[in-house]
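The values are calculated or read from the model by the stated rules, or taken from the named source; none is laboratory data. Just so we're clear, the structure is a prediction, and the values are computed from it rather than from any experiment. No Cβ is skipped: glycine too gets one built from the backbone with ideal geometry, and neighbour counts run over all protein chains shown.
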Amino acid sequence: AQPPRTVTVTGAAGNIGYALLFRIASGEMLGADVPVRLRLLEVPAALRAAEGTAMELADAAFPLLADVQVTHDPAVAFDGVQHALLVGARPRSAGMERGDLLEANGGIFGPQGQAINDHAAEDVRVVVVGNPANTNALIAASHARDVPADRFTALTRLDHNRAVSQLAAKAGVAVTDVDGITVWGNHSATQFPDLTHARVRVGGADGGWRPALEVVDAGWAAEEFIPRVAERGAEIISVRGASSAASAASATIDHMRDWFLGTGVGTDGQARRTSAAIVSDGSYGVPEGLISSFPVVSEGGQWRIVPGLEPDAALLPDAAERLERTVAELDEEREAVTGLGLL
Ligand code: NDP
C-alpha cells in the first residue's frame, strides 16, 4: 500500500468543511488507492464541533482514512502537510469596511502561511477557498518565503463549473459536451467567465464540436450568462436559504485532484483545460505575482498557463475590458494589503 498523504483542512467545522472531509476520506480527491491522514484546524470556539465531525469520520469507517487529528494550533495542523485546503476565513459582517475585512483575513492567512513555511512537506500544495480567496492566497504565499510561490493557488473552479453547467443547459447538451471555458481574474463579482474560445459538441458522442458563440449568441453571453455565473452565489443563498457548500467543496476536490493527478486529455484527445487562480508570470498582461484565474492545464503535478487564448473582442465586444477590470481589482487588493503591511 502507498504511504498516507497528509491533508489539512482549515475551517473544518464549517459548512464547506463538512461537505469536503468525507469526500477526501473516501478517496475522491487523491485517488482510490491513496490513504489519507486528515488534520482539522479550527478556531477554539469551533473545536468541539470539529471533534464531532472527526467522530463522524471515524464512524464512516473509511478504508483509506489512516488518521484524523483536530487542533487549533497551525504548527500542529500544518506539520508535514502535503495538501492544504484553506477554507476558514473571516466573513464580511454588516458595516465592515473592505480594509477591516482584509486586515482580519491578514491575521488568519499570514500566520497560516508562516506555519506552512515552517512545517509543511517539500511537495506542499495549497488552495485557498476562504474569501477574498485570491488575496488571502497572496498573503499566505508572502509569509512562506521558502515555499515556491506556485504552490499557492486560489479556487475559481466553482465559477468554472457553474459556467460549464450554464452553457451546457443553454445549448441543450451534456456538461461533458462543453469545453474551453476560461474564468479570468478575481473570484468576485468582477470575474470574467469567457466563452470566446469555448466549444460545444452538438449531437452527443458522435457529434461535431462547434464554437460556443455559434450555438448560443453573444447577447446571451453578455447579458445573462456572465452576470448569472458571477452572481450565482447570491442566487443560491436566496433559493436555498444558505450559502453554497457542497458545490464549493466539490470544486475544491476537482481543483486539488486535477493539480495532483493531472487534467489529462478530453474525449477529443486534446489536453483538457480548466480554470484556476495561480501566480501570474506576466501572461495576458496580468501583473507578475498576482494570483489570478487563468486558462490552465495540469501536467506532472504542476499548473501551467495555456497561452494564445486572449479573450476575442470580435466575438464579445468588451472582452478585453472585462479582463482588464477584474485584474485591476486584484491589483487594488494587492495595493491595499501592501498598505496595511500584510504582505
Ligand atoms: P463556509 O464553510 O460556508 O465558508 C468558508 C469560506 O469559504 C468563506 O470565506 C466563504 O466566503 C468561502 N467560500 C468560497 N467560495 C464559496 C462559495 N461558493 N460558497 C460559499 N462560501 C464560499 O463558512 P462557515 O461559516 O460555515 O465556516 C467557516 C469556518 O471557518 C467556521 O467553522 C470558523 O470557525 C472557521 N474558521 C477557522 C479558522 C482557522 O482554522 N484558523 C479561521 C477563521 C474561521 P464567503 O464568506 O464570502 O461566502
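Here are the numbers for the structure shown:
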quantity: Residue match in segment 88-104 (condition: within 28 Å of ARG37 (Cβ to Cβ) and at pLDDT below 95); calculated: yes
quantity: Of all residues in segment 230-265 being touching a residue at least 60 places away in the same chain (Cβ under 8 Å) and surrounded by fewer than 16 Cβ atoms within 10 Å (Cβ to Cβ), the one that is nearest to LEU330 (Cα to Cα); calculated: SER243
quantity: Matching entry among VAL126, VAL202 (being within 16 Å of the ligand (Cβ to nearest atom) and among the β-branched types (Val, Ile, Thr)); calculated: VAL126
quantity: Residue check, GLU51 over 25 Å from ASP254 (Cα atoms) and either more than 11 Å from the ligand (Cβ to nearest atom) or surrounded by fewer than 16 Cβ atoms within 10 Å (Cβ to Cβ) (or both); calculated: yes
quantity: The listed residue being over 24 Å from LEU323 (Cβ atoms) and either in the same structural domain as GLY17 (by TED's automatic domain parsing) or in contact with a strand residue (DSSP E or B) (Cβ under 6 Å, 6 or more places away or on another chain) (or both), out of GLY301, GLY262; calculated: GLY262
quantity: Members of segment 1-43 that are within 16 Å of the ligand (Cβ to nearest atom), of a type in the set (A, V, I, L, M, F, W, C) and buried (at least 17 other Cβ atoms within 10 Å of the Cβ); calculated: VAL7, VAL9, ALA12, ALA13, ILE16, ALA19, LEU20, LEU21, ILE24, LEU38, LEU40, LEU41
